[in-house]
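The values are calculated or read from the model by the stated rules, or taken from the named source; none is laboratory data. For clarity, every value in this text was computed on a predicted model and none was experimentally measured. Neighbour counts are summed over all protein chains in view; Cβ atoms, including those assigned to glycine, are modelled from backbone coordinates with ideal geometry.
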Ligand SMILES: [Zn+2]
């Protein structure tokens, strides 16, 4: 019966697993490096100047893109609602590198000024009242800035030209007039991409139709969910297209893949591997956020991947990158970090969810994932998860902090509060209607997890989010009588910003037959605990499941019980009735007598021994019959003798 069950379980698990590839910590360097370079290119420019006097409702984006030429011509029609009274000007973010041909408002051309700070300021030639719905069209063209890993890149794959975009964080304005700050998602968009007919154009949302227009083809993509400007991408080349499908309830979701033809076999062998993860994330965080549409991948030339909404852009098809970007659809796309201070809400979560995916589908890789992250973070003694200085590019996209340490922060938060309130808190956070399809901040997340767990977690976030470093533990376990173990936990910190990391500290006790893990609620350095582990351990291990971000830890098990049967001390009679007499060598100093029952409870402690006698009598009249341990302290040593009391 047991074997059959085991066989069934293995069979089931192996089906679910598909082809899981091992964790690859280096992919994070690629992802972060990519974003860092993109960011660096844009740093010289202001981040967002687009006005806060309107709410974007809809964009109709019409682009002409030919992968043979680094060039874009576009018409961007924006529908908006004024959020202030007396609106006579509105503005978009647009690189000064682009050429605006004309702007049409209420059927006529109007004046504009594209400033040196990349702000397209438009004079409406009228004044709109509060809550006015209106629309405006910007006609423009140019060769977008695309140095390095720029936001609009022309390159080749296997000799074929490709153009792709990567706008995070400030690059959308390089190729279209937009509002790229993290305050106003576009409620809905249509994207029309006109390209030579030999190419296919990939973008976000649903492909509504393709229309032939002479030698060109127009790809019409439609997305009906709110989206941040940086999560919109387009890519054009000679894509091969195929789909995977994942079952979702009684229906299925399409995973649409636009891949380079030369990589289509490898891609089709890989993309199906994420299907179990898809259902796993549904079960943890609620249904895939863009369920009315689909998910997919479009291959591009930047290293790593970019979580464009419903259409991840990806270079190869690494399992870890694929699941990282998929999890961003919940954490990053559905709920988007509300400032670059809060980047960990995107990257820390996506990184931890890759870990959870290994935990669910491959315990071996899960342990490897944890060890590699701890190792990576503890290579340096400092660094906080929270980004204070958003002008420091290398800090925002610091792989060690915004990805790895942030993911371990979540891991330790889960350990500290327990699975049920941790996952409930995450579910409540991601499904909060005030945050879903909008933006969130660190405070929003902390509120959710504290509410879910019913406790104040300031101490935790102070230590692990805002302050720096990690602890090192020194743990001394001392065997005492009756399977008691005294555990002394000492801690040092790698950085002075944290005086002490309050953590539940797990210790595993083991012998050939039994093992157990005891969790000590460690609130100060040098704190001592005594625990009865129920068996005689011969070895101890600190944090065997790797819950805590720490390094240079030591743990030791010592024996305080000296078993000397042929000692100089003689107990008579044994069994005893009313008393026991201790016979001691006269040149020894006898300090203390203790009597313990077999559960390790201390019954008698006596230390008033006059000096230098050879015999001492201990009264046992009030002790119930049974077996006991006598602990005898002599010459700074203690030894144990067993005694039976009879009536
Ligand atoms: Zn990411």
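Condition first: at pLDDT 95 or above and either under 42 Å from the mean Cα position of the chain (by Cα) or exposed (fewer than 15 other Cβ atoms within 10 Å of the Cβ) (or both). Now tell me which residues in region 97-114 satisfy that. Within region 97-114, 98, 99, 100, 101, 102, 106, 107, 108, 109, 111, 113, 114 qualify.
Restricting attention to region 525-560, the residues that are part of a loop (DSSP other than H, G, I, E, B) and under 23 Å from residue 638 (Cβ atoms) add up to 8. Scanning region 314-329 for residues that are within 12 Å of the ligand (Cβ to nearest atom) and touching a residue at least 60 places away in the same chain (Cβ under 8 Å) yields a total of 3.
Can you report the number of residues in region 282-299 which are under 17 Å from residue 225 (Cβ atoms) and outside any loop (DSSP other than H, G, I, E, B)? I'd like the intermediate steps shown before the answer.
Step one: list which residues in region 282-299 are under 17 Å from residue 225 (Cβ atoms), which gives 282, 285-296.
Checking the rest, the ones that are also outside any loop (DSSP other than H, G, I, E, B) come to 282, 285, 295-296.
Counting residues in region 282-299 that are under 17 Å from residue 225 (Cβ atoms) and outside any loop (DSSP other than H, G, I, E, B) gives 4.
Restricting attention to region 91-110, the residues that are under 23 Å from residue 180 (Cβ atoms) and free of Cβ contacts under 8 Å to residues at least 40 places away in the same chain total 6. Scan region 338-362 for residues that are more than 11 Å from the ligand (Cβ to nearest atom) and outside any helix (DSSP H, G or I) and the total you get is 3.
Which of (1) touching a helix residue (DSSP H, G or I) at 6+ places or on another chain (Cβ under 7 Å); (2) not assigned by TED's automatic domain parsing to the domain that holds residue 366 is the odd one out, the single condition residue 313 does not satisfy? Failing condition for residue 313: (1).
Tallying residues that are under 17 Å from residue 316 (Cβ atoms), surrounded by fewer than 21 Cβ atoms within 10 Å (Cβ to Cβ) and in contact with a helix residue (DSSP H, G or I) (Cβ under 8 Å, 6 or more places away or on another chain) within region 272-282 yields 1.
Could you tell me whether region 223-236 includes any residue that is under 26 Å from residue 358 (Cα atoms) and not in a loop (DSSP other than H, G, I, E, B)? Let's see the steps before the verdict.
Applying the first criterion (under 26 Å from residue 358 (Cα atoms)) to region 223-236 yields none.
Within region 223-236 (the criterion being under 26 Å from residue 358 (Cα atoms) and not in a loop (DSSP other than H, G, I, E, B)), the answer is no, since none of the residues qualifies.
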